[in-house]
Amino acid sequence: MSQSYNSIEPNVIDDEMLQKAIEEQWPEDIGKLAKMEGIDFKDVTELQLSFRNILQIDNLWQFENLTKLQLDNNIIEKIEALESLVHLVWLDLSFNNIEVIEGLDTLVKLQDLSLYNNRISKIEHMDTLQELQIFSIGKNNLTTLEDVAYLRRFKNLRTLNLTGNPFCDEEQYMLFVVAHLPKLVYLDFKLVSDATVSISASPPCEIGHQYIIENLLCWHACNILACRAGSLQKLDLWKHTAAFVEYLNGSFLFDSLYAEDTEAAKLAYLPGVDDLLQAYPSWVKDFVSVCENLFNYGLKEYEKREAEVSDFYEGLHEALTANQQEGRKIILEFENRNKDRLDEIHHASSYDIAESKRAEYNEDILQLSETLMTLEMQIVEQLEELIKDFERNTAVIASTFIENVKGIYPFDSMLAWMSEGAFSLTTSCTMTQCRDLENRHHEKLLEISINTLEKSVKNELEEDFPDDVRKLLVDKNTIVNMANTSHNVHLLRISMRECDILINTYRW
């Protein structure tokens with residue numbers, strides 16, 4: 001929340017704050033280990049410094065490999081001291097007191113920049129950010145719609161948020177933006193439609209008010225391909241990535257098992273493997289089915305996380321708004337009570353009367369101060385409770401998701417959930433199931449390999465194999481090691497995909 005720091009104590013970014021921030025953002029066990037062994041700031045790639053009353057950006061030069069930095073919800077007035085963060089991809093400076101865009105020249109790898117809810121009145125000084133894809137500058141003081149034309153230089157810009165700026169009230173706002181930025185996929189949290197792009201590209205003489213309304217109504221009524229296919233695909237992939245289950249809605253993971261497995265091609269020559277391969281449709285179907293179950297479960301969990309975050313911010317906004325309204329009401333009542341009192345003091349007929357009135361006024365001021373201080377303490381307690389609930393709820397959501405992905409959820413707890421209708425076998429989709437399917441396939445392949453070796457020893461093989469396959473049939477260790485190597489490649493790929501999901505969830 002952008003705010004004045006007259007009533008709060010500004011903080012500086014020192015080593016103690018940085019050390020604490022890093023420990024907090026890691027899982028508890030890793031955080032304890034890091035605390036004992038020390039943290040090398042050069043190894044940190046993500047840093048969250050939100051809600052810390054930071055007035056000035058400083059002391060970040062040690063984070064040479066930082067890719068993600070969160071400085072939102074502070075009282076920062078100037079963008080500075082970021083020159084050394086040349087690997088930064090994601091920067092959040094929302095909810096601060098920034099007035100000018102500056103200090104970003106060296107951040108040439110930046111893809112996602114949020115300056116939401118500041119005091120910026122002009123889009124400028126961003127020429128070097130040629131990799132920019134997502135830009136949020138809503139709720140600022142942008143009044144000149146022509147400022148949007150500056151963004152044409154960012155060829156990769158696909159998501160833009162301008163909502164809440166004064167120029168958004170102009171009648172041609174959306175059409176003007178889309179006309180200048182025709183490659184936008186997402187504007188102000190909404191997909192940019194083909195209809196809007198078409199209208200914005202029309203000659204000026206055609207863009208009459210009635211023409212626009214008729215076209216938009218026709219588009220909505222007919223419900224025809226409302227969005228470009230490419231835009232939908234990109235938006236879907238963005239959502240899948242945010243849910244940590246990208247590319248699990250198909251055979252991608254299964255295909256990747258064999259993409260780097262050179263041994264599997266050799267083993268395919270062994271007699272009997274053909275029969276095993278004939279069973280592949282079922283094996284593939286089962287494997288892909290598990291991945292798709294995990295994909296669907298991941299999307300549902302993503303919706304839960306998003307809903308929890310949305311509820312938190314809504315609760316935060318409601319609490320602050322109610323508190324501010326109550327404060328204004330108290331002050332207005334004070335002013336109404338005392339609007340004539342100062343005149344009475346000034347025009348008092350005697351010193352004693354003036355002093356009496358002044359004492360009453362001072363007492364009322366003291367009462368006002370105490371009442372406002374009580375109100376302040378109430379909002380502090382309310383927000384602390386809100387944050388505790390949020391942390392508790394998100395921890396439960398994340399841990400449940402992690403347990404189901406890893407397949408370690410206790411069976412009796414699972415049955416209890418199922419009895420309550422809150423859990424089902426279709427959502428009990430874990431990487432353990434993928435490993436089980438791979439293990440069963442490997443057992444069959446190993447059996448075929450050993451049988452082939454035994455036939456080779458007895459000269460019972462009729463097939464003519466390539467030389468590299470012949471070399472496998474030297475002894476049992478060779479053929480078993482080959483099959484195990486192939487198996488390990490597959491298990492490693494599954495484990496790496498599982499690890500990606502878990503790490504992303506921990507980071508979230």
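The values are calculated or read from the model by the stated rules, or taken from the named source; none is laboratory data. Computed from a prediction, not measured in an experiment: that's the story for all the values here. Positions of Cβ are backbone-derived with ideal geometry, glycine not excepted, and every protein chain shown enters the neighbour counts. The area values use the complete protein model at the heavy-atom level, side chains included, leaving out ligands, DNA and RNA. Shrake-Rupley method; radii C 1.70, N 1.55, O 1.52, S 1.80 Å.
What to note about this one:
- For Ile79: the one exception among (1) on the phi < 0 side of the Ramachandran plot; (2) part of a loop (DSSP other than H, G, I, E, B); (3) open to solvent by 40 Å² or more (accessible area, probe 1.4 Å): (3)
- Among (1) part of a helix (DSSP H, G or I); (2) at pLDDT below 50; (3) open to solvent by 60 Å² or more (accessible area, probe 1.4 Å), the one test that Ile387 misses: (2)
- Only one entry of Asn65, Asn59 meets the criterion of being surrounded by fewer than 21 Cβ atoms within 10 Å (Cβ to Cβ), in a loop (DSSP other than H, G, I, E, B) and at positive phi, and that entry is Asn59.
- Candidate set: the stretch 438-484, residues that are of a type in the set (D, E, K, R) and within 30 Å of Arg497 (Cβ to Cβ); chosen: the one modelled with the lowest pLDDT: Asp468
- Scan the stretch 305-329 for residues that are surrounded by 14 or more Cβ atoms within 10 Å (Cβ to Cβ) and more than 23 Å from the chain's Cα centre (by Cα) and the total you get is 5.
- Any chance Arg435 is under 30 Å from Pro271 (Cα atoms), modelled with pLDDT of 70 or more and not hydroxyl-bearing (Ser, Thr, Tyr): yes
- Condition met for Glu454 (farther than 17 Å from Ala264 by Cα, open to solvent by less than 90 Å² (accessible area, probe 1.4 Å) and assigned to a helix (DSSP H, G or I)): no
- Answer residue from the stretch 341-385, given it is closer than 30 Å to Phe51 by Cβ and polar (S, T, N, Q) and is nearest to the chain's Cα centre (by Cα) among those: Gln382
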